[in-house]
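> Quick one: the structure is below, questions incoming.
Please treat every number below as a calculation from the coordinates, not as lab data. Since we're looking at a predicted model, the values are computed, not measured. Glycine also receives a Cβ, built like all others from the backbone with ideal geometry; neighbour counts cover every protein chain displayed.
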Amino acid sequence: MSRKYKFDNKNGLYFVSFATVYWIDVFTRQVYFNVLADSIKYCRKEKGMELYVYCFMPSHVHLIFRSSNEQPVELLRDFKRYTSNKVIESISRNPQESRKEWSR
């Protein structure tokens, strides 16, 4: 996935999509889905994300959002970084996880 989103209008409404590495179905398990949902909640409350529509799929995410503080690049960067780190951490800590090689 590209790391170079182009936000011409910092106050604009944007549609973005991003996927897991190799399109692995990470979000089929409730614990990892919850990490994603909690990250969205945090960004809405603390980072100025105005979320209009979202769609969480097993291996990717679609969002239509706006950054109320006019920093969409930073908002998306922080959201993706935090969420990926938390998912990897959750995979590593889960004793029943059969997909631990993903967290290496």
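> Report the dimensions of the range 14-87 along its three principal axes from the alpha-carbon atoms, largest first, rounded to Å.
32, 20, 18
> Can you find, among Val26, Ala37, Tyr52, the residue sitting farthest towards the positive end of the charge dipole of the chain, where Lys and Arg contribute +1 and Asp and Glu -1 at Cβ?
After comparing all options, I get Val26.
> List the lysines whose Cα sits under 28 Å from the Cα of Lys6, skipping any in the same chain fewer than 8 residues away.
The qualifying lysines are Lys41, Lys45, Lys47, Lys80, Lys86.
> Mind checking the dipole of the range 14-87: about its Cα centre, +1 per Lys or Arg Cβ, -1 per Asp or Glu Cβ, Debye to the nearest 20?
120 debye
> Still on this structure, I have one more. How far apart, in nanometres, would the label points at Glu74 and Glu97 be if each is projected 7 angstrom from Cα along the Cα-to-Cβ direction?
Calculated label separation equals 3.0 nm.
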